[in-house]
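Contents: one structure, followed by commentary.
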Amino acid sequence: MDTTSKGRGKNKLERNDRLVRLALLVVAFSAVSILLVITVFIVGQGTPIMFKYGLKSFLAGANWYPSEQLFGLWPMIVGSLFVTAGALVIGIPFGLACAIVLTEFSSKRVRRFIKPVIELLAGIPSVVYGFMGVIILVPFIRETFGGPGLSVLAVSIILGVMILPTIISISVDSLQAVPPSYREGSIALGATRWQTVKMVLFPAARSGIIASIILGMGRAIGETMATIMVAGNAAEIPRSLLAPVRTLTSNIALEMSYATGEHREALFATGVVLFVIIMVLNTIANATSAKRRKQP
């Protein structure tokens, strides 16, 4: 009888185990399915008009006048790349410098206080960053450098600040995950603290640091509200850092509320282009990270 009870208990545990695995599999595939549905919907809504007017005129066209059936996205593509590059130029040096200081040159007490404060910045709504940009940054740029103030420079600074929590938090975790023996061995060989960081810790934590940059880049290129507030939103190719700019995300957010017909389809096509750009940038970054990891 005991043997029978044990057999039933074992069968019940195995059945429960299969049910749990099945439930987890369903949840995993549901997440993938949602992403697939979104992708199919956007592509299905956006690609017909791209092929109707031609990919070249749609992607390389310099004029965006939906009322005249001119759907050139090139100014928005250039604007998105400009502000993303500007945000990375600002965010990467400051973010990595802060991560190094918190990890290697500050006490545990200071790190326990500052790191949560930095992570708290990620929870601030983007509209607050945009409001601060409009009130403080835009007038400063206008009075100091000239121009309208609403510009590539203003967007780059705001987005650079917004991606700092992502870069700092993940970089700190990556540097802290490096085994202490790496530091101790380097210092024992006569290296200074900075040489240890540069020659030992950075290569060891490279994959995590690159991941933080990729996530920051995704945040920058996908930001909408703060960009709308400080960019100027002129659908023209920016000729300087002080020129107004419109990004792909801003283009969708500004016009989707009243768009109809081909105009609406063109905005969906804008989403397709944005999706492809993000995928290409992430693929390049991941490929670069994988290549560096293979190097001795």
Return a yes/no flag: does the range 82-94 have any residue that is in a loop (DSSP other than H, G, I, E, B) and either modelled with pLDDT of 85 or more or not assigned by TED's automatic domain parsing to the domain that holds Leu242 (or both). no
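When you check Ile187 against the structure, is it among the β-branched types (Val, Ile, Thr) and closer than 30 Å to Ile277 by Cβ, yes or no?
Details: among the β-branched types (Val, Ile, Thr): yes; closer than 30 Å to Ile277 by Cβ: no.
Spelling it out, it is not the case that Ile187 is among the β-branched types (Val, Ile, Thr) and closer than 30 Å to Ile277 by Cβ.
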So is Leu159 under 17 Å from Gly232 (Cβ atoms), surrounded by 15 or more Cβ atoms within 10 Å (Cβ to Cβ), in contact with a helix residue (DSSP H, G or I) (Cβ under 6 Å, 6 or more places away or on another chain) and not aromatic (Phe, Trp, Tyr) or not? yes
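In the range 54-81, what count of residues is obtained for those that are of a type in the set (Gly, Ala, Ser) and part of a helix (DSSP H, G or I)? Lay out the reasoning, then the answer.
Start the filter on the range 54-81 by keeping residues that are of a type in the set (Gly, Ala, Ser), which leaves 54, 57, 60-62, 67, 72, 79-80.
When the remaining residues are screened for being part of a helix (DSSP H, G or I), the result is 57, 60, 67, 79-80.
The qualifying residues number 5.
Looking at the structure I just gave you, is Phe41 free of Cβ contacts under 8 Å to residues at least 60 places away in the same chain, among the aromatic types (Phe, Trp, Tyr) and outside the structural domain of Ala259 (by TED's automatic domain parsing)? So that I can check it myself, show each step before the final result.
Details: free of Cβ contacts under 8 Å to residues at least 60 places away in the same chain: yes; among the aromatic types (Phe, Trp, Tyr): yes; outside the structural domain of Ala259 (by TED's automatic domain parsing): yes.
So Phe41 passes the test.
Please find, within the range 18-67, the residue that is farthest from Ile278 (Cα to Cα) out of those that are aromatic (Phe, Trp, Tyr) and touching a Gly at 6+ places or on another chain (Cβ under 9 Å). Don't jump to the end; show me each part of the working.
The initial filter retains those residues of the range 18-67 that are aromatic (Phe, Trp, Tyr), namely 29, 41, 51, 53, 58, 64-65.
Those left that are additionally touching a Gly at 6+ places or on another chain (Cβ under 9 Å): 53, 58, 64-65.
Numbers: Tyr53: 23, Phe58: 18, Trp64: 22, Tyr65: 25 Å.
Among those residues, the one meeting the criterion is Tyr65.
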Which condition number does Thr196 fail, the rest of (1) farther than 29 Å from Gly222 by Cα; (2) at pLDDT below 85; (3) of a type outside the set (A, V, I, L, M, F, W, C); (4) assigned to a helix (DSSP H, G or I) being met? (2)
Within the range 106-132, of all residues that are at pLDDT 85 or above and not in a helix (DSSP H, G or I), the one surrounded by the most Cβ atoms within 10 Å (Cβ to Cβ) is Ile124
Out of Ala287, Ala211, Ala220, I need the residue that is in a helix (DSSP H, G or I), closer than 30 Å to Phe41 by Cα and free of Cβ contacts under 8 Å to residues at least 24 places away in the same chain. Which one? Ala287
Pro93, sole failed condition from (1) in contact (Cβ under 8 Å) with a residue 60 or more places away in the chain; (2) surrounded by fewer than 17 Cβ atoms within 10 Å (Cβ to Cβ): (1)
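The values are calculated or read from the model by the stated rules, or taken from the named source; none is laboratory data. Just so it is clear, the model here is predicted, and its values are computed rather than measured. Note that each Cβ is placed from the backbone with ideal geometry, even for glycine, and that neighbours are counted across all protein chains shown.
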